[in-house]
Amino acid sequence: MQEHGRNPLNPSAMDLMNFLDYGLEEKKWKLTTVHNYKSAILQLFPIKQRLEIKEDELFKDFSKVMGTGTFKRLRNATVDLAPILTGLQALGNNHSMDIKDLTAKTCFLLATCGLLRPDDLACTDASQCKIIRDEIELAVVFPKEHRGGQLIIKTVVIKSHPVELFCPVKAFVEYRRRTSDQDRFARTTHPKVETEPFTPLIRHVKRANLGLGVERISKYIQEIMKLMPRDETQPPYKARAVGTTAALKKGIPVDDVVTHGNWSSPAIVEAFYRISRSLASNFTTAILS
């Protein structure tokens, strides 16, 4: 680690992931060996630092992928956004839309196009968000991800769509127009860090000075998501997974998806967030031409 400018006495969760992945892929360690190394290394550090690494969202995802030594069937479901787009059209113009519908629409579009969790939206600070030409910059304050055991502020850039009814930027602008007058009353402390001042982006429909929690934001997103057909024996799709799958299906490079979703590697995307295995490319034509 020292030769790469890293401090072996103060590793981050990413450092430990890289070390374990190196042993798994390059040294061909058995899974039991990898788990033994992980446990032994974590025991070398103080309890606080050990818990910070273990609770890091990316580290937890990595541990799940690393431990898939048994057979795991990758999902291959149909992701058809057409019924959702029809439903958004039926809601009509943003300016005349009911605030409840506008809240659900905004939550869905930001979550899907920004590859965001409901927790990310609950932690988005309206006072730090920016509108720059045809895109918005969302400031997700203290998401589940950590870096070097530290809390972070994650910037998520979402671009516009040429059709206004499907445009996350237009929905965001109209939502802020209706709620921003309550910003000074909504200013409070962050739901995770009481010492951090915070202005929640997503608010209660009837009391725009109060921020919405994760559970309610999730329900708003699912109100739109339920329009998309799925196998009822499977759990409801997450907007983050639908956005990821749709982007990959349209030919967006997986590395771009990894960066946009703030994941540690393509393996996380493939194991947890890719719902469909279909691709934009026609491999049959490419191979047989």
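Values quoted throughout were computed directly from the atomic coordinates according to the rules given, and no laboratory measurement underlies them. Only a predicted model underlies this, so the values are computations on that prediction, with no experimental measurement involved. Every residue, glycine among them, receives a Cβ derived from its backbone with ideal geometry; neighbour counts consider all protein chains shown.
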- FRET efficiency for Ile152 and Lys54 from the Cβ-Cβ distance with R0 = 22 Å, rounded to 0.05, comes out at 0.80
- Query: Could you give the nm distance between label points at Arg207 and His95, where each point is 7 Å from its Cα heading toward the beta carbon?
  - Reply: 3.2 nm
- Message: Charges on Cβ only, +1 for Lys and Arg, -1 for Asp and Glu, centred on the Cα centroid of the chain; of Ala241, Phe172, Gln222, which one is farthest towards the dipole's positive end?
- Response: Gln222
- What ranking do 80-88, 133-141 get when scored by the average of other Cβ atoms within 10 Å per residue, highest first? 133-141, 80-88
- Message: Sort 37-43, 58-64 by packing, meaning the average of other beta carbons within 10 Å per residue, with the highest value first.
- Response: 58-64, 37-43
- Query: Any idea what angle helix 99-114 forms with the longest principal axis of the chain, computed on alpha-carbon atoms, 0 to 90 degrees, nearest 10?
  - Reply: 30 degrees
- Where does helix 13-25 land angle-wise versus the long Cα axis of the chain, in degrees 0 to 90, nearest 10? 60 degrees
- Message: Quick check: the angle from helix 214-225's long axis to the longest principal axis of the chain, C-alpha only, nearest 10 degrees?
- Response: 70 degrees
- Residues of type lysines that Lys30 reaches as a straight line, Cα spacing below 17 Å, ignoring anything fewer than 8 places off in the same chain: Lys38, Lys64
- Message: So for segment 82-230, averaging the separation of alpha carbon pairs under 8 Å that are six or more residues apart and normalising by length, what relative contact order in percent results?
- Response: 31 percent
- Message: For a protection proxy built on the mean count of beta-carbon atoms within 10 angstrom, sort 225-233, 102-110 highest first, please.
- Response: 102-110, 225-233
- Query: Which of the pairs Lys48/Lys154; Lys48/Lys206; Lys100/Lys159 have their Cα atoms more than 30 Å apart in this structure?
  - Reply: Lys48/Lys206
- Item | Cβ charges +1 (Lys, Arg) and -1 (Asp, Glu), total dipole of segment 82-230, debye | 180 debye
- Task: With runs of 4+ DSSP H residues as the only contributors, calculate the mean residue ellipticity of the chain at 222 nm using -39,500 (n - 2.57) per run, divided by the residue total and rounded to the nearest 500.
- Result: -13000 deg cm²/dmol
- Note on the structure: Measuring from its Cα centre, the chain shows a charge dipole (+1 at each Lys and Arg Cβ, -1 at each Asp and Glu Cβ) which, in debye to the nearest 20, is 500 debye
- Message: Explain nothing, just the number: relative contact order of the chain, from Cα pairs under 8 Å at least 6 residues apart, as a whole percent.
- Response: 22 percent
- Approximate spin-label separation Asp181-Asn36, in nm, with each point projected 7 Å along Cα-to-Cβ: 6.8 nm
- Item | Among Ala111, Ala239, Ala77: highest mean-square fluctuation, GNM of the chain, C-alpha pairs under 10 Å | Ala77
